[in-house]
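For reference, the structure is listed below as structure tokens.
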Amino acid sequence: MRFFSVVTLSLFIFLTLPAQEPENNDYLQRQDRIIRLLDTKDYYPALKAIDSFLRIYPYSPLMYYNRGITRYLLNDIPGSRTDLTIAKALGLKGHDKLIDFICSKDYLANVLAEPYMGRKTKLKAFNNYRPVYTRKDSLRGALRPERTCYDVFFYDLFVHLHPFLKRIQGSNHIYFITVQDARIIQIDLFAGYRIHAITRNGQPLVWRREYDAVFVDLGETLPAGRRECITVVYSGKPRKAPNPPWDGGFVWKRSKGKYWAGVACEHLGASAWWPNKDHLSDKPDSMRITLRVPAGYQAIANGTLQHISKGKRWDDFSWFVHYPINNYNVTFYLGDFVSFSDTIRNSHHTYPVDYYVLPHHLQVAREYYRNTKEMVRIYEELFGEYAYPLDGMGMVEAPFSGMEHQGAIAIGDDYQRSSGKGEDAKEFPYLLVHETAHEWWGNTVTMQDMADAWISEAFATYTESLLEEKKYGHTAYLEKIAGNMQNIRNIWPVAGNRDVNENTFIGNDIYHKGAVMLHLLRCIINNDSIFFGLLKSFYQHNQFKTLVTDDVINFIHQYTGHDYSDFFHKFLYDTDPPILEYSYRYEGDTLIFSYRFTGVGEHFSMPFSITINDEKNFRLTGTTEEQTFVMPGTKKFFLPNEKNFDKNNLTANSFTYYWTRLKNSAGRKTSENER
């Protein structure tokens with residue numbers, strides 16, 4: 001699933017004298033010098049000048065604002081928040097949204113949550129900006145005994161779609177093997193549906209509902225290792241998606257007078273439209289999906305189309321999925337489609353890429369998809385071969401933004417070639433890049449709980465940067481990574497709470513911060529041969545598996561032979577990034593720069609970058625122990641960050657993400673008229 005874009009407030013204006021400030025020559029001279037320093041990005045002399053200014057004029061909201069923005073640009077986020085809060089308290093007007101964006105977690109958390117939860121839900125600090133979880137959430141998210149006692153190996157799903165009524169009816173044969181002795185099992189189907197019958201061997205079973213969970217009495221205790229099947233017959237009106245795919249459900253539309261429908265249900269759950277064991281830990285080994293739609297329409301689903309049965313009023317389309325599939329990836333598209341195809345050949349397989357589009361978009365779609373084969377070739381080179389050759393790959397025009405439905409990816413961006421940033425505008429549409437990356441990360445290597453959803457989104461988002469690097473070089477990669485860094489919000493940890501179906505998509509940090517974490521791991525390893533070998537080995541070793549966060553960490557430790565526990569704890573389980581605490585002084589023209597990381601475990605270690613005189617760039621490695629860097633002939637220095645860096649002047653594997661804290665420092669002695 002693509003991330004929901006929130007506009008970054010990146011235009012910062014340093015303020016000059018407003019009407020309420022006192023006017024005198026000393027004030028104006030000091031202010032003019034500060035603004036000149038800020039305009040030329042001489043941030044450290046500017047900070048010293050502002051400090052001197054505030055000692056004389058301590059109630060200037062303008063200068064607290066300017067210092068707050070300067071600190072923000074230097075990634076001293078805690079200091080920035082303090083200054084901007086003071087500026088607002090002192091009466092600064094006209095910048096409330098910018099200040100709230102930087103300072104107010106209450107404001108930002110609810111802005112970020114709205115696309116996923118609507119405006120009615122308000123998240124509060126007392127609960128760490130999470131909803132209050134209930135038994136309903138536990139029934140949905142936890143691996144209860146009624147779930148762990150059996151393993152699904154096949155679904156045979158039939159759904160009759162009534163687009164004119166916006167209703168469905170259907171049945172599902174659930175084939176499973178008991179893992180341990182079992183009499184009561186849990187399946188799931190949203191409470192708004194009517195269950196007409198649940199049967200085993202043609203005999204009705206007793207069942208009871210609790211919210212969206214359905215507890216089925218099998219009639220006897222089945223011993224471990226028993227293969228069985230139950231059938232669920234149901235009907236009802238599916239939930240209409242408020243904001244798909246982020247707040248999911250069914251989407252019923254018309255295009256050129258024709259029905260056009262689809263579904264997106266990641267996080268919401270596949271039980272929003274069909275009965276199943278709705279937990280991420282259990283994929284069926286294969287699946288049949290049969291869709292009945294009005295005559296003259298097409299029904300596209302996952303897998304391979306095996307049979308079409310045409311009638312006077314209704315047509316049936318039967319699709320077969322040959323591989324394990326996540327429940328939320330099971331999908332359908334109803335519409336009047338035309339199609340065209342590509343063929344991909346790798347060293348082991350030949351498989352089709354089928355494109356299903358609305359007729360009036362055929363030509364623009366051909367242009368949109370023209371580089372798909374090259375993109376897939378790069379992904380196969382980076383990670384390994386596409387995992388579903390028997391099913392092929394498919395892209396379907398969808399009535400909502402986009403979703404990584406396995407083998408039938410939803411593309412609903414009106415064939416826009418780019419998100420508006422970066423070189424991918426030229427050849428690779430953002431949505432296609434991201435959703436196709438999920439065929440490797442999310443579909444093939446899968447999270448086991450919503451707490452682990454970062455595994456899907458971080459790797460898919462990082463893949464965007466690797467594609468940039470392959471096509472346009474390392475500077476394009478760095479620009480993409482910087483964009484990810486700028487979109488990190490640090491409201492929620494990347495790894496979420498387990499067993500409650502937590503919506504970890506909110507805030508987008510599982511995308512951006514997760515991708516940046518993988519980039520940082522590359523910087524720490526500092527050996528691209530090892531790093532890219534790690535990515536490929538991780539993918540190939542974990543195909544078709546469901547993973548928890550510790551599985552990823554343990555694999556990396558084993559592959560590299562290093563323990564990065566403190567690094568992963570900081571970037572997965574803490575909200576704030578590490579803080580580089582530093583000080584500097586000059587002895588003549590020699591810079592004495594001292595530094596250490598704080599707010600991290602004792603074994604934390606990460607490189608960072610320092611640029612001297614806008615020319616030389618050095619890679620330093622920070623730990624929790626204070627270290628000193630000495631550089632003669634230094635006129636100025638800065639620490640490159642996502643807001644201020646020279647992409648052409650960065651030492652390899654040195655561009656990292658952290659906050660800063662400048663301790664008291666001594667610069668060169670300045671003359672009285674410069675103060």
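The values are calculated or read from the model by the stated rules, or taken from the named source; none is laboratory data. No experiment lies behind these values; they were computed from the predicted model shown. Don't worry about glycine lacking a Cβ; one is built from the backbone with ideal geometry, like all the others, and counts go over all protein chains shown.
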Single match in Phe153, Phe158, Phe176 (criterion: in contact with a Cys (Cβ under 8 Å, 6 or more places away or on another chain) and buried (at least 17 other Cβ atoms within 10 Å of the Cβ)): Phe176
Residue within the stretch 57-66 that is of a type in the set (Gly, Ala, Ser) and either farther than 26 Å from Arg498 by Cβ or not in a loop (DSSP other than H, G, I, E, B) (or both) present: yes
From Phe250, Phe215, residue being at pLDDT 95 or above, in the same structural domain as Val159 (by TED's automatic domain parsing), touching a helix residue (DSSP H, G or I) at 6+ places or on another chain (Cβ under 7 Å) and aromatic (Phe, Trp, Tyr): Phe215
Scan of the stretch 621-638 for residues that are part of a loop (DSSP other than H, G, I, E, B) and within 17 Å of Thr590 (Cα to Cα), ordered by number: Pro632, Gly633, Thr634, Lys635, Lys636
First in the stretch 503-526 and assigned to a helix (DSSP H, G or I), second anywhere and basic (Lys, Arg), Cβ under 9 Å, 6 or more apart: His512/Arg489; Lys513/Arg489; Ala515/Lys480; Cys523/Arg619
Out of Trp273, Trp260, Trp246, sole residue that is under 25 Å from Met395 (Cβ atoms), over 26 Å from the mean Cα position of the chain (by Cα), touching a residue at least 24 places away in the same chain (Cβ under 8 Å) and buried (at least 18 other Cβ atoms within 10 Å of the Cβ): Trp260
Residue identified as closer than 20 Å to Leu535 by Cβ, part of a helix (DSSP H, G or I), free of Cβ contacts under 8 Å to residues at least 60 places away in the same chain and not aliphatic (A, V, I, L, M) among Glu374, Glu367, Glu457: Glu374
Filtered residue count, the stretch 179-190, keeping only those that are closer than 30 Å to Pro294 by Cβ and surrounded by fewer than 16 Cβ atoms within 10 Å (Cβ to Cβ): 0
Filter pass, Val321 being in contact with a helix residue (DSSP H, G or I) (Cβ under 8 Å, 6 or more places away or on another chain), assigned by TED's automatic domain parsing to the domain that holds His279 and within 27 Å of Val376 (Cα to Cα): no
Candidate set: the stretch 103-130, residues that are in contact with a helix residue (DSSP H, G or I) (Cβ under 8 Å, 6 or more places away or on another chain) and touching a residue at least 40 places away in the same chain (Cβ under 8 Å); chosen: the one surrounded by the fewest Cβ atoms within 10 Å (Cβ to Cβ): Lys105
Residue within the stretch 276-284 that is assigned by TED's automatic domain parsing to the domain that holds Arg194, modelled with pLDDT of 95 or more and within 20 Å of Ala398 (Cα to Cα) present: no
Some residue of the stretch 624-636 being polar (S, T, N, Q), at pLDDT 95 or above and surrounded by 16 or more Cβ atoms within 10 Å (Cβ to Cβ): yes
Evaluation of Phe154 against (1) modelled with pLDDT of 95 or more; (2) not assigned by TED's automatic domain parsing to the domain that holds Asn326; (3) not in a helix (DSSP H, G or I) (one fails), failing number: (2)
Failed criterion for Leu572 (all others in (1) of a type in the set (A, V, I, L, M, F, W, C); (2) under 30 Å from Gly118 (Cα atoms); (3) assigned to a loop (DSSP other than H, G, I, E, B) hold): (3)
Residues of the stretch 280-291 satisfying the condition of being crowded, with 21+ Cβ neighbours inside 10 Å and either among the hydrophobic types (A, V, I, L, M, F, W, C) or not in a loop (DSSP other than H, G, I, E, B) (or both): Leu280, Met287, Ile289, Thr290, Leu291
Residue list for the stretch 166-191, filter: among the small types (Gly, Ala, Ser) and in contact with an Asp or Glu (Cβ under 9 Å, 6 or more places away or on another chain): Ser171, Ala182, Ala191
Among residues of the stretch 208-243, those that are exposed (fewer than 15 other Cβ atoms within 10 Å of the Cβ), under 33 Å from the mean Cα position of the chain (by Cα) and over 20 Å from Asp188 (Cβ atoms), counted: 1
Pair list, Cβ < 7 Å and 6+ apart or interchain, from the stretch 78-93 residues that are outside any helix (DSSP H, G or I) to residues that are surrounded by fewer than 16 Cβ atoms within 10 Å (Cβ to Cβ): Leu90/Tyr59
Extreme residue, surrounded by the fewest Cβ atoms within 10 Å (Cβ to Cβ), among residues of the stretch 294-309 that are under 34 Å from the mean Cα position of the chain (by Cα) and closer than 15 Å to Val159 by Cβ: Gln298
Odd one out for Asn75, checked against (1) in contact (Cβ under 8 Å) with a residue 40 or more places away in the chain; (2) assigned to a helix (DSSP H, G or I); (3) in contact with a Phe, Trp or Tyr (Cβ under 8 Å, 6 or more places away or on another chain): (2)
Conditions (1) at pLDDT below 95; (2) under 24 Å from Gly533 (Cα atoms): number failed by Glu615: (2)
Residue within the stretch 332-353 that is loosely packed, with under 15 Cβ neighbours inside 10 Å and in a helix (DSSP H, G or I) present: no
Verdict on Tyr657 being in contact with a Lys or Arg (Cβ under 9 Å, 6 or more places away or on another chain), of a type in the set (Ser, Thr, Tyr) and surrounded by 16 or more Cβ atoms within 10 Å (Cβ to Cβ): yes
Flag for Val233 being of a type in the set (Val, Ile, Thr), free of Cβ contacts under 8 Å to residues at least 24 places away in the same chain and in the same structural domain as Ala264 (by TED's automatic domain parsing): no
Tally, over the stretch 575-620, of residues that are out of contact with any Gly (no Cβ under 8 Å at 6 or more places or on another chain) and in a loop (DSSP other than H, G, I, E, B): 11
Some residue of the stretch 593-604 being closer than 20 Å to His512 by Cα and either under 21 Å from the mean Cα position of the chain (by Cα) or among the hydroxyl-bearing types (Ser, Thr, Tyr) (or both): no
